[in-house]
Structures are given as structure tokens and as C-alpha cells.
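**Q** So that we are looking at the same thing, I have put the structure below in C-alpha cells.
Quick note: the coordinates plus some simple rules give every number you see, no bench work behind them. Values in this document were obtained by computation on a predicted structure and should not be read as measured data. Heads up, the Cβs are rebuilt from the backbone with ideal geometry, glycines too, and the neighbour counts pull from every protein chain shown.
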Amino acid sequence: MKCAVWLTDIHLNFLSPVKMEQFYRLVRGTGADSILISGDIGEAPRLVWYLQQLENRLQCPVYFVLGNHDYYHGSFDDVHKAVKQHLNESSYLHWMTTGEIVELAPDVGLIGHDTWADGRCGDFMTSPVMMNDYLIIQDLVGLSKSTLLQKLNTLGDAAAAYFRQILPKVLAQYRHIYCMIHVPPFQNSCWHEGQISDDNFLPHFVCQAVGEVLVEIMQKHPNHQLTVLCGHTHSSGEAQILPNLRVLTGGAEYGKPQIQQLFEFP
């Protein structure tokens, strides 16, 4: 029996060394064969160091995508370059956005992509919400609202194109697919304190372009199952989008990383 433990929004930069070790012991105590992390591991200046710590302390495959916080105080290019360079020296780390298809069990596959809120869900132009993303991620700083929306649309479209290419490939190999992303792909999966987010927050917390692609493809594969693992909203919830498409959104609290779920595979 194989098992994988799912984590999200662990924000290791908020932990003292003692709390960090306690967290690693908690994860090791699950006995999981692999670790799944759906983004927000730390912040850009020390992201590679946090990845090194995860690898060294857990000593098992760590499959991850990055979240918006992982780019804080950095740029897209610099973060991507640093992570890719470290992967060349790593035995256990796997950044799913690079296009890897992982076999979790004989009929269970894993794919993933960082994803970004693409501004399409809700009402971006009238929303008063100002995310830290737009203030401390170099690529997003100082943009007008209309230019920022175009940028977010482009990021969402890139993630959607990725899944349009890779999801049919993994469906051809496996009956049940786990898909890790950071940002919820549907309004119904964008939870906050037990409720669905409103039109002010939805533009910053949903990647609509990815959701549309997932629905389109899974409607054509009714005998397959897709389970999406995401975070970002810091509130947990479950949304059954189609009979064969389920989204699990993980909860989180700064300074108190938690185990979301343990998946067992025969």
C-alpha cells in the first residue's frame, strides 16, 4: 500500500526553527511514501533553502508546485531559474510545473502546475482588494489595473494551455488523476471561512481559464476520475464539479502548517 501526504500553504518563513522541526516530525510520522505540496512554501529570497530543508528532513520524494507567496520579493524569472538549478542537484524534489507525470500507483497518476488567479471570475476592475502580489512581486509592481488584468489573463491562459496539453496524456495512462495547483479553478472551490468568496475576492483567488479546460477535458472522459488539490484561500472545502471532477481546497493558518489529507493507493 502506497500513501502520499498532501500539504498546502505551509509558509515555512513564519516558523521558528523549533516549530519547523516539529512540523517535519509531524509529516514524517504519517509514514507517507511521498509528499504533495500545492504551493506557498516560503518566499523567494529563501525558497531554495526551504526546499533543501524539506528534502533533507523528509528524505522521500517531494512533489510540489509554487504559489504566489513563493515569488514574494522576487521575480518570475529569478525564482524559476533558482528552482530549476537546485532541482539538478536534488534527489527528491520534483517541481510539477516542469511537465513531469508521476505514477503514484499502477492506475493513479499525478500532474501539476503553479497556476495564478487570472482575474476573470468576479469583477476585477471594480474590486477594492489589493493583493500583496501586486506590491512585492517584481513582475506585477506598478502596473495599471487594466495592464495588471491583462498580465493575469496571460498567466491564466498559460496554465490552461499546459493542462490542455498534459491532461490528455496522463488520462491515456491512468484511470485516476491527482492534479496539484495552487489557485482554485472554480468559484465553487474558492472557500473563505466556510463560504464561497464574493465578486471582490474571486478575481484574485480563482483561475477560471484552468477550470474551463479541466471541465472540457473531463466531460470527454467520463470513465476517468480527476481530483484537484489546491490552496491559496486558507479555508478548506470540497466541490464536486462533475461526477468525475472533484476539487479539494486546503485550509491554512500562518505559523501553524497542517496536514491536509493522507491518500492511500493499493
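**Q** Using amide H atoms built in the peptide plane, which far-off residues or other-chain residues are under 5 Å from Leu226 H to H?
**A** Hits under the 5 Å cutoff: Ile177, Leu245, Arg246.
**Q** So which GluC sites (Glu not before Pro) in the stretch 112-219 are both in a DSSP loop and have at most 14 other Cβ atoms within 10 Å of their Cβ? It would help to have the intermediate numbers written out before the result.
**A** Details: sites: Glu193, Glu212, Glu216; in loops: Glu193.
Loop-located and lightly packed - Glu193.
**Q** Continuing with this model, one more query. Using label points projected 7 Å from each Cα along Cα→Cβ, tell me how many nm separate Leu143 and Glu89, to one decimal.
**A** Going from the Leu143 label point to the Glu89 one covers 3.2 nm.
**Q** How many angstrom separate the Cα center of the stretch 104-153 from the Cα center of the stretch 207-263?
**A** The distance from the Cα centre of the stretch 104-153 to that of the stretch 207-263 comes to 17 Å.
**Q** Oh, and also: Would you calculate the separation in nanometres between label points at Thr126 and Asp33, each defined as 7 Å from the Cα along the Cα-to-beta-carbon direction?
**A** Rounded to a tenth, the inter-label distance reads 5.2 nm.
**Q** Here's a follow-up. To the nearest whole percent, what portion of all C-alpha pairs in the chain is separated by more than 23 angstrom? List each step's numbers first, then the result.
**A** Values: 17105 of 35245 pairs.
Of all Cα-Cα distances in the chain, 49 percent exceed 23 Å.
**Q** Can you pull the percent of Cα pairs in the stretch 1-86 with separation above 14 Å?
**A** Cα-Cα pairs in the stretch 1-86 separated by more than 14 Å: 63 percent.
**Q** Which one of Asn13, Val213, Gln52 is farthest out on the positive end of the charge dipole of the chain, using unit charges on Cβ (Lys, Arg +1; Asp, Glu -1) and the Cα centre as origin?
**A** Of the listed residues, the answer is Gln52.
**Q** Now, a different point. Can you give me the Kirkwood hydrodynamic radius for the stretch 58-104, using every pair of distinct Cα atoms, in Å to one decimal?
**A** On the way: mean 1/r = 0.0855 Å⁻¹.
Answer for the stretch 58-104: a Kirkwood hydrodynamic radius of 11.7 Å.
**Q** What is the order of Ser146, Ser235, Ser75, fewest Cβ neighbours within 10 Å to most?
**A** Values: Ser146 10, Ser235 18, Ser75 15.
Ranked by crowding around the Cβ, least crowded first: Ser146, Ser75, Ser235.
**Q** Once the convex hull of the alpha carbons of the stretch 79-134 is built, what does its volume come to per residue, in cubic angstrom? Kindly include the intermediate steps, with their values, before the conclusion.
**A** Details: hull volume 7.7 nm³, N = 56.
Once divided by residue count, the hull of the stretch 79-134 is 138 Å³.
**Q** Which ³J(HN,Hα) values, rounded to whole Hz and listed in residue order, are derived for the stretch 125-140 from phi using the Karplus coefficients 6.51, -1.76 and 1.60 in 6.51 cos²θ - 1.76 cosθ + 1.60 with θ = phi - 60°, glycine and proline given as x?
**A** The phi angles translate into 5, 9, 5, x, 6, 10, 6, 4, 3, 7, 10, 10, 9, 3, 5, 10 Hz.
**Q** Here is a further query. By DSSP, what percent of the beta bridges with both residues in the chain are antiparallel, rounded to the nearest 5?
**A** On the way: 15 of 42 bridges.
Taking every DSSP beta bridge within the chain, about 35 percent pair in antiparallel fashion.
**Q** Could you line up Ile241, Ile137 from fewest to most neighbouring Cβ atoms inside 10 Å?
**A** The most exposed by this proxy come first: Ile241, Ile137.
**Q** Here's a follow-up. Tell me which residues come under 5 Å, amide H to amide H, from Met180 once H is placed; ignore anything under 5 positions away on its chain.
**A** Those qualifying (amide H under 5 Å, at least 5 residues apart or on another chain) are Ile111, Gly112, His113, Leu229.
**Q** If only Cα atoms are counted, what is the Rg of the stretch 140-222, and what is its Dmax, in Å?
**A** Rg and Dmax of the stretch 140-222, Cα atoms, are 14.6, 45 Å.
**Q** May I ask for the percentage of alpha-carbon pairs in the stretch 46-176 that lie more than 26 Å from each other?
**A** Working: 2898 of 8515 pairs.
Summing the P(r) tail past 26 Å for the stretch 46-176 gives 34 percent.
**Q** Could you bin all the Cα-Cα distances of the stretch 184-266 into 5 Å bins starting at 0 and give me the percent of pairs in each, rounded to whole numbers?
**A** 3, 14, 25, 22, 18, 12, 5, 1, 0
**Q** Among Arg120, Arg164, rank each residue by its count of other Cβ atoms within 10 Å, from fewest to most, as a rough exposure measure. Don't jump to the answer; show the numbers that get you there.
**A** On the way: Arg120 19, Arg164 16.
Least to most surrounded, the residues fall as Arg164, Arg120.
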